[in-house]
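Notes follow the structure.
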Amino acid sequence: MIELLAPAGDLEKLKYALIYGADAVYIGGNEFSLRARASNFTIETIKEGVKFAHQLGKKVYVTTNIIPHEEDILGLVEYLKALEEANVDAIICASPLIIKTAIKHTNLEIHLSTQQSAINNHALLFWKDYGVKRVVLGRELTLDEINQLSKDLLDIEVFIHGGMCMSFSGRCSLSNTLTNRDANRGGCAHSCRWQYLLYNNCKLISEEYFSMSSKDLMAIKAVPKLIDIGVKSLKVEGRMKSLHYIATVIKTYRMLIDEYLTTGKIKDTTFYEDEIYKAENRLTDLGYFDGNIGPDKQLYEFLGERPNQAFIGLVEDYNLETMVAKIEQRNYFKIGDTIEVFSPNEPNKTFVLDNMLNEDLEEIEVARHAKQIVYIKLPFNVSKYSMLRKVL
Amino acid sequence: MKYLITVHNLNNLEMLNETDGYIIGNSLFSVRLTNSFTSDEINTIIDYAKNNHKEVYLLLNKMFYDNDFPLLDKFLNEVKVHDLTGIIASDLGLIHFLFSKKLNSKIIWQGETLSTNRFDFNFLEEFKINGSFVAKEITLEDILDIGKHKKYKLYLLGHGYFNMFYSKRKLISNFKKHYNLDYKGNKFGYHLEEQVRIGERYPILEDENGTHVFRSRVTNSFNVLNELKEVVDYFVIDTLFKDDIYGKNILSLYKNGYEKSQVESILEIYDEKWDDGFYTTKTVYLKEDL
């Protein structure tokens, strides 16, 4: 069965990702993980996350994907043993040192990180012999090239959505040079997305900024082929993305995969693209899947991220008898707004907001404070974990 | 410690006779080349080296796709592989392919950024390969530590413009297409300038296999040469963006001693700035929020 794999930057995102349809999540601990700013799982919260996932019959993978320097190795064995005791389902590694240490001291399943840029069958053979169970492929592959890879050797995991490194992953030291932050040890400053001018023989050839910034990957149109090819896991990037983004993207791909597995076709890809764009704030593209590596794959004039105000609140609780929902505010909204309720296993529903109480049960017109608790009587039932979006 | 140097022109091998060996490649399988040599030219260089007691290394440092291996197989049948001293490989799939050709003893692993600790430097020991490069962005202290624990030969990129970015995409061509720029510039003459780092010129090169961005300053190793000699087996001088005269002069400086006036002359003629790379610059391991 194909796996939908979601990122989770914290315990709340882990729960939402699984509730909204992921089969597994990948998370980072406080040690040995890239995306340091997203990695705030302690061993205790990893245990809690694993327990939550396993109760749902789902999995948790932990990234231990730095390329360590000698000074970083202290505590590695103990950390890996702690992950094993926490019952994580696999670790994601890039360094042979971490892989061999895990093999020697634990029974953890090992997945090879995309940081190793494995893009050919010989690489798969090498890593299989090295003890790896699954390889996360480098992103620089077309669908046809993925199809050429042997799926019998080991499990193949492919990125289907999210940010794209412009450089081969793991081989970039722009951040190291320009900021002293080690990209292979969690410090990537995304220097490829800064603004540069291009010169030739010291002559400026254009006033326009040179682009080393890629559009984000969105593989809605490629998912059926990836399933047919026999890829084991479809991975969404973004451990630092918001709760709303994770829930929206995961639910959308869940529906897409389920439609394809059930009917053998996708009736309307536009529907899924529109759903994604309710949370996606960067331009997207098929990445390398279609074999095109031309200029339309890159971001030029538009480098910044559009603020997305659509996400306005989380349903904390719901009273079936009174039909009143307890909402935690995440963005400004007011009486008169048209609101869409977005839930894990139901179609989206909309209503016009005509009532709202604050925590003291006083009538209010506007929810303006972050994390403010408000109560709203709804015209239909909702469930915990539902989200509210303002229809723009 | 032996010295290896990249080559621009087949006719300049003698000019570079202070080197212990040459590094050459073909653009089908190599990136960031000073020149792309045909299999015939490579065999000529191999013959010259053999007759003059020099070593020859074939650079295969692109990222390989499955479709590349039949072509490489044909190419390796055309060149005198067994007379090569070594094959520098940057893709572990390629290394696995070379195992299948029983070329283990010639393989040098060049993982670019990946050999940053003792284990990862030595991890191909069980396959009886020739040696490995240390990563480009580690300190002298780290290099010495790895060197003291090496289990095969240690190669070091010691002088030249160090690559810091390798994309499969043709970024310069794409930029020109996007803005309809009808500009045919010198392939080796491009550089980038970042908006707040005025005056720092980052060379950028587009070749058959993608786009490469380099540090703004030439990394040199004169200040740490004596320490390096304790652990480094092969010191590589990369003359990309320069020429063989530059290579000859730089070789002479490393082999015969630092000469301030000569260095100043080189800096002026080639309009370049030097620094110590990461020898004394420690990069940060981020465990927590910034």
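The values are calculated or read from the model by the stated rules, or taken from the named source; none is laboratory data. Just so it is clear, the structure is predicted and the values come from calculations on it, not from any experiment. Neighbour counts are summed over all protein chains in view; Cβ atoms, including those assigned to glycine, are modelled from backbone coordinates with ideal geometry. These area figures cover heavy atoms from the full protein model, side chains too; ligands, DNA and RNA do not enter into them. Shrake-Rupley method; radii C 1.70, N 1.55, O 1.52, S 1.80 Å.
The residues packed around A:I99, meaning those with a beta-carbon under 13 Å from its beta-carbon, carry a net charge of +2 if Lys and Arg are +1 and Asp and Glu are -1.
Taking every DSSP bridge with both residues inside chain A, close to 50 percent are antiparallel. GNM remark for chain A: springs join alpha carbons under 10 Å apart, and the peak mean-square fluctuation among A:P344, A:P295, A:P96 falls on A:P295. Relative contact order for the range A:227-374 using alpha-carbon pairs under 8 Å, separation at least 6, rounded to a whole percent? Answer for the range A:227-374 is 15 percent. If you take all other residues with their beta carbon under 10 Å from the beta carbon of B:E208, and give Lys and Arg +1 and Asp and Glu -1, the sum is 0. Among B:Y22, B:Y183, B:Y246, the residue with the largest mean-square fluctuation in a Gaussian network model of chain B, with springs joining Cα atoms closer than 10 Å, is B:Y183.
Here the protein assembly as shown exposes an accessible surface that is 47 percent carbon and sulfur, computed with a 1.4 Å probe and the other protein chains kept in place. On association of chains A and B, roughly 7200 Å² of accessible area becomes buried (total for both chains; probe 1.4 Å). GNM on chain A, alpha-carbon springs under 10 angstrom: the most fluctuating residue among A:V366, A:V231, A:V223 is A:V366. Between the C-alpha center of the range A:92-157 and that of the range A:280-300 there is a gap of 25 Å.
Rolling a 1.4 Å probe over the protein chains gives B:R217 an accessible area of about 70 Å². Relative contact order of chain A, taken over Cα pairs closer than 8 Å and 6 or more residues apart, is 15 percent. Pairs to check: B:K62/B:K168; A:K13/A:K235; B:K150/B:K282. Give those whose C-alpha atoms are more than 18 Å from each other in this structure. Over 18 Å Cα-Cα: B:K150/B:K282.
The solvent-accessible area of A:C202, taken with every protein chain present and a 1.4 Å probe, is close to 80 Å². The mean number of Cβ atoms from other chains found within 10 Å of a Cβ in peptide B:171-180 is 6, as a whole number.
Excluding same-chain neighbours fewer than eight residues apart, the lysines reachable from A:K334 by a Cα-Cα span under 21 Å are A:K278, A:K326, A:K349, A:K371, A:K377, A:K390. Using a probe of 1.4 angstrom and keeping all protein chains present, the accessible surface of chain A works out to 38 square angstrom per residue. Take every Cα pair under 8 Å whose residues are at least 6 apart in sequence, average their separation, divide by the length of the range A:309-391, and the relative contact order is 43 percent.
Counted over the protein assembly as shown, the DSSP beta bridges are approximately 45% antiparallel. Distance between Cα centroids, the range A:311-342 to the range B:1-54: provide it in whole Å. Answer, in whole Å: 70.
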